[in-house]
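Q: Take this structure first; my questions come after.
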Amino acid sequence: MKRIFFLILFLISILGLIVCKEKKPIPELEGFVVKSVIHPSNNPFNQEKVELGKTLYFDSRLSFNLDVSCASCHNTASPSKGFPRTKIHNPAPSLTNVALYKDVFKDPEAKELEDLVKDKIHSKLMFQNEAKLVQRISSIQGYKELFEKAYGDPGISGERIVLALSTFQRTIVSKNSSFDKFVMGEETALTPAQIRGWDVFQNKAKCIQCHQGPNFSDSELHTTGLAGIKDKVRTPTLRDVTKKKTFMHNGIFGSIEDTVNHFAEGGHSKAVHDPMLRPAELSDQDKKDLIEFLKALEGEPIQLEIPSIPKA
């Protein structure tokens, strides 16, 4: 009887050692993991500013005709289809991980998220007249209270609106994906197919040339092999890419499979080509494994509940 008892204790102790085995990150891959977002010194983080920015983000009163909010166009789950954002009329992108891009705007003078937010507020869809926007928001008592919580006084200005929106947008981050867990030492976080797909991603397909770092984007501008498109577009993040309903900057593809085929073929034969976009000899299994790897970049769900909007 004692022998059985000690055997059980021994097995429990062995199991404990297995469970408590220290997870060891993979050093050469840690640069791909989203760990934290840096808030600039001229716009430091505080939770009250995040809540203010979130409220403004969902408030259609930031638009001239009171009918469009930031959230109307910039859905965090997938690009919206309703509003053009460039000369080639591509759909508004998700703002997930916008804080992780090196440069957040095409304009070389706009290096910070705040520059992008300010530009969008002054666009045709939103409020072009900053003074009138400030006057409108200042007339709402609820906003005076929110601004006081965020900044220490109830003063409302265009700059403070931009700072709050930017602070909130920096919190929209996709992280803790299966790939992140794998890199940080959880060996079983990836399936065999996803591990094979990671190899395809790096070697055969050479996706890693442009899709690198924690955002899986080099933040550079490239042509994408689409017929009739000469404009260069910034490399998009691949995090949560398999959650999208349309793909490419103009939404031309309706499936991830079509997108993978496009790049595997080196783009359209009549397109303007980027030097790094070349045909890849991928088998059907390679493509399936690659897509499985992309699924491993899906982060934890981003829950954005619509806040209580102050009444006029």
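The values are calculated or read from the model by the stated rules, or taken from the named source; none is laboratory data. Computed from a prediction, not measured in an experiment: that's the story for all the values here. Please note: Cβ atoms are built from the backbone with ideal geometry, for glycine as well, and neighbour counts cover all protein chains shown. To get the accessible areas, we keep the full protein, side chains included, count just its heavy atoms, and leave off ligands, DNA and RNA. Shrake-Rupley method; radii C 1.70, N 1.55, O 1.52, S 1.80 Å.
Q: Could you give me the ³J(HN,Hα) list for the range 251-263, computed from phi with Karplus coefficients 6.51, -1.76, 1.60 and θ = phi - 60°, whole Hz, x at Gly and Pro?
A: Values per residue, Gly and Pro as x: x, 5, 9, x, 8, 5, 5, 4, 5, 4, 4, 4, 6 Hz.
Q: Further question on the same structure: For a quick check: with amide H placed at 1.01 Å from N, whose amide H comes under 5 Å from PHE253's, ignoring anything fewer than 5 positions away on the same chain?
A: Amide H neighbours of PHE253: PHE247.
Q: Return the sequence-ordered ³J(HN,Hα) values of the range 129-137 in whole Hz as given by the Karplus equation 6.51 cos²θ - 1.76 cosθ + 1.60 applied to θ = phi - 60°, using x for Gly and Pro.
A: Once rounded to whole Hz, the list reads 9, 4, 4, 5, 5, 4, 4, 5, 5.
Q: Something else now. Which value does Rg/Rh take for the range 199-312 over its C-alpha atoms, Rh per Kirkwood?
A: Working: Rg = 16.1 Å, Rh = 15.3 Å.
Rounded to two decimals, Rg/Rh equals 1.05.
Q: How big is the gap, in Å, between the Cα center of the range 112-183 and the Cα center of the range 288-312?
A: Spelled out, the Cα-based centre of one part sits 20 Å from the other.
Q: Mind listing the long-range amide H neighbours of ASP59? Cut-off is under 5 Å, sequence gap 5 or more, other chains count too, H placed in the peptide plane at 1.01 Å from N.
A: Amide H to amide H, under 5 Å and 5 or more residues apart or across chains, ASP59 pairs with CYS70.
Q: Holding the Cα-Cα limit at 20 Å, pick out from LYS206/LYS287; LYS181/LYS288; LYS49/LYS243; LYS23/LYS244; LYS206/LYS230; LYS175/LYS232 the pairs that are longer than that. Before the final figure, lay out each step's value.
A: Numbers: LYS206/LYS287 13 Å; LYS181/LYS288 22 Å; LYS49/LYS243 29 Å; LYS23/LYS244 32 Å; LYS206/LYS230 22 Å; LYS175/LYS232 27 Å.
Over 20 Å Cα-Cα: LYS181/LYS288; LYS49/LYS243; LYS23/LYS244; LYS206/LYS230; LYS175/LYS232.
Q: Something else: Tell me the label-point distance for the pair LYS23, ASP258, using the 7 Å Cα-to-Cβ offset, in nm and rounded to one decimal.
A: Each label point is offset 7 Å from its Cα along the Cβ direction, giving 3.7 nm.
Q: Using 7 Å Cα-to-Cβ label points, what is the LYS206/GLU300 separation (nm, one decimal)?
A: A separation of 3.8 nm, rounded to one decimal place.
Q: Also, I was wondering about something else. I'd like to check one number: the per residue accessible area of the range 205-312, probe 1.4 Å, reported in Å² as a whole number.
A: Normalised by residue count, the accessible surface of the range 205-312 is 54 Å².
Q: In addition: Once the other residues with Cβ under 13 Å from the Cβ of VAL183 are scored (Lys, Arg +1; Asp, Glu -1), what is the net sum?
A: 0
Q: How far apart, in nm, are two points set 7 Å out from the Cα along the Cα-to-Cβ line at ASN176 and at SER308?
A: Computed distance between label sites ASN176 and SER308 equals 2.7 nm.
Q: Separate question: List the residues, sorted by chain then number, that are 5 or more residues from ARG234 or on another chain and whose placed amide H is less than 5 Å from its amide H.
A: Placed amide hydrogens put HIS222 under 5 Å from ARG234.
Q: Another question about this same structure. Please give every one of the aspartates and glutamates within straight-line cross-link reach of LYS270, meaning a C-alpha to C-alpha distance under 20 Å, and leave out same-chain neighbours fewer than 8 residues apart.
A: By straight Cα distance, LYS270 reaches ASP231, ASP258, GLU281.
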